[in-house]
């Protein structure tokens, strides 16, 4: 007697439902995607009890004829693909032909629909995959699908559903994501009759973002518009001051399809922000990638939550460059609304430089020696607006005026950024300035690091360290980077070696090199509490002004904050 049996259609559909329909939000996603593909300009969603008892999705799209409606809920029926060639160039959101059949097999379903060319509408009732009723009705153009009692006939799956609040949150996320990527569609979501989302149709994505995330968030966003020959990246990213403790407000769309698991895109985004934000903080983003359909595979997961790119390296580089270039050309100085702390300011204004000679101590090792200054130094402007230095607070913060705004500059963070970019520029050009040791240093390397160091001597040389093997576990260091200070720091070298060994990605990830350079730049920079002169302030600001990103230190802390003239007026009660 044969042990292998062919499963009946009902069981096959239930198995498929287990792959495609994970929870009520999966139903909402599939139905909303069908409504978008149907060229709808209005999509209204109503749910009850986290979608467990009711999900209703109504649209004003192209609708279905009576004949199409009759077979739409059959397994593997679809209007999106016709042959195998279409499968490798998907242009629609839904195409597998499993979703409607899967939903119908585990719920009580009612569909009402009418196409533009039909005189009458069609109503079909299906329970557990079986058609119970089909009739002609009066109905406007579009489609309305009502789902009740999801998983009523698969209790094992129903018991794993989460509390209503959790299921609601997943549904809200689906509607939010598709509202963000389709501002020309009016989305509305109601839960138990209460309106949760109402995002009207608009030509402006930023206006659309305001509806969903609020105007305060929208004001802190920067537009991205990046074009390469084979890829276009558009959307919005947040200024560094607007950040979150998780990646939950990062939305990625590929050819208008929301991608839930966008690892390559997410890594590129967060790597690009690496020196703009503190560790453990993440930017807000709404980013759309347009790429030739044949360059991606959207069929790698039953729920279409993932996308596979043909060339992941190119996609990573494009996203990284898009974000980096956008941040570098934007004004990222945060405005602070809090009251200015009442601190004594070291006054530079009373010093008479025309009568008092002053020999400055320069901040950076490579500064050229200058003759004695006989006038107050000028601060040039390049990246930053014109700055007028006023003084220093607590040997830490430079107070300045910038376009009529009161501006506070962290001297340590500024020095970090300058050293970081100098060193980064030198490493990328392979022109790291080296300082020879009069007496080459012999270092003893732990046995666990010997092979790692020996196999990466070329990399260390590119960073300014000329090293050669000198024994079984001994190495000879002849040079070190000039920007790491005037004295060779053995502990600093071992920190770098240990950090890189832990990452084991020297030759594959640029961001790793960025991390290490940033941390070492921090050690070499001037500190809070270091006393610097007016000439050093001018040199610091002039150097900062030349940098690509003069707004954040390499660890993401702000370098500059400003208090607008308007806010100062409010603080002093000149305006209400």
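The values are calculated or read from the model by the stated rules, or taken from the named source; none is laboratory data. Small disclaimer: the values here were computed from a predicted structure and weren't measured. Virtual Cβ from ideal backbone geometry, glycine too; neighbours counted across all protein chains shown.
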- [ ] Within the range 1-40, track down each residue that is out of contact with any strand residue (DSSP E or B) (no Cβ under 8 Å at 6 or more places or on another chain), part of a loop (DSSP other than H, G, I, E, B), at pLDDT 90 or above and closer than 30 Å to residue 141 by Cβ.
- [x] 39
Task: Enumeration of residues in the range 541-576 that are in a helix (DSSP H, G or I) and out of contact with any strand residue (DSSP E or B) (no Cβ under 9 Å at 6 or more places or on another chain) - done: 542, 543, 566, 569, 570
- [ ] Answer with yes or no whether residue 345 is in contact with a strand residue (DSSP E or B) (Cβ under 8 Å, 6 or more places away or on another chain), at pLDDT below 70 and over 15 Å from residue 267 (Cβ atoms).
- [x] yes
TODO: Go through (1) in a helix (DSSP H, G or I); (2) in contact (Cβ under 8 Å) with a residue 12 or more places away in the chain; (3) loosely packed, with under 13 Cβ neighbours inside 10 Å one by one and return the number of the condition residue 156 breaks.
DONE: (2)
- [ ] Exactly one condition in (1) at pLDDT 75 or above; (2) touching a helix residue (DSSP H, G or I) at 6+ places or on another chain (Cβ under 7 Å) is not met by residue 395; state its number.
- [x] (2)
Task: Criterion: assigned by TED's automatic domain parsing to the domain that holds residue 48 and either under 30 Å from residue 549 (Cβ atoms) or not in a helix (DSSP H, G or I) (or both) - qualifying residue of 167, 195 - done: 195
TODO: Could you check how many residues of the range 468-484 are buried (at least 22 other Cβ atoms within 10 Å of the Cβ) and not in a strand (DSSP E or B)?
DONE: 2
Open item on the list: Against the conditions (1) modelled with pLDDT under 85; (2) touching a strand residue (DSSP E or B) at 6+ places or on another chain (Cβ under 7 Å), where does residue 511 fall short? Just the number, please.
Closed with: (2)
TODO: Mind telling me which of the residues 138, 129 ends up being assigned by TED's automatic domain parsing to the domain that holds residue 36, within 23 Å of residue 70 (Cβ to Cβ) and buried (at least 18 other Cβ atoms within 10 Å of the Cβ)?
DONE: 129
Task: Whichever residue in the range 449-467 is outside any loop (DSSP other than H, G, I, E, B) and in contact (Cβ under 8 Å) with a residue 40 or more places away in the chain and, among such residues, is surrounded by the most Cβ atoms within 10 Å (Cβ to Cβ) - done: 453
